[in-house]
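The values are calculated or read from the model by the stated rules, or taken from the named source; none is laboratory data. Quick caveat: nothing in here was measured; it's all calculated off a predicted structure. Don't worry about glycine lacking a Cβ; one is built from the backbone with ideal geometry, like all the others, and counts go over all protein chains shown.
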Amino acid sequence: MPEGTPVEPTIVAVLSAVEPVARRRGVSVQVEADLRLAAAVEAETLRSILEQLLTRAVSSTRRGGWVRVCAQPERAEALVSVKDSGGAFVDRKFRERVASLIRTAGGRSWSHGELERGSTFYFGVPRYKVH
């Protein structure tokens, strides 16, 4: 089993790379995450998943729009959602590609939304518990 990967610092690190694009596009990004939450997945895998989701959300959201990232414990999972006001996750091929990476990490994913009305991509990966 991999060491626990802190979720909130990973989100913040990915956002630091995406933030300049968001700022240029006039897209606000908000994070709400449990500071104690850790995922039982490799750090690079979690970073890759978040990077794909956040890059897609920021690039698909119109000027003045928003992206929200939430992370919280949910039973035995670290549950993360990326929600946007632009419909970034309606593309089936994109969802399937990211979902495949999440499944490889032992997780699950689902999404809903409409183009131009907003969408949300959820994923749960095993939560790391300190014994």
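Summary table below
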quantity: Test for PRO9: is it of a type outside the set (A, V, I, L, M, F, W, C), at pLDDT 95 or above and surrounded by 13 or more Cβ atoms within 10 Å (Cβ to Cβ); calculated: yes
quantity: Hits in region 1-32 - residues which are within 16 Å of VAL125 (Cβ to Cβ) and either of a type in the set (S, T, N, Q) or touching a His at 6+ places or on another chain (Cβ under 8 Å) (or both); calculated: THR5, THR10
quantity: Residue in region 40-59 that is exposed (fewer than 15 other Cβ atoms within 10 Å of the Cβ) and without any contact (Cβ under 8 Å) to a residue 24 or more places away in the chain present; calculated: yes
quantity: Members of region 85-119 that are at pLDDT below 95, part of a strand (DSSP E or B) and touching a Gly at 6+ places or on another chain (Cβ under 9 Å); calculated: GLY113, GLU114, GLY118, SER119
quantity: From the options LEU35, LEU54, LEU46, residue that is under 14 Å from GLY124 (Cβ atoms) and not aromatic (Phe, Trp, Tyr); calculated: LEU46
quantity: Selected residue [under 21 Å from GLY26 (Cα atoms), at pLDDT 95 or above, in contact with a Leu (Cβ under 6 Å, 6 or more places away or on another chain) and not in a loop (DSSP other than H, G, I, E, B)] from VAL82, VAL67; calculated: VAL82
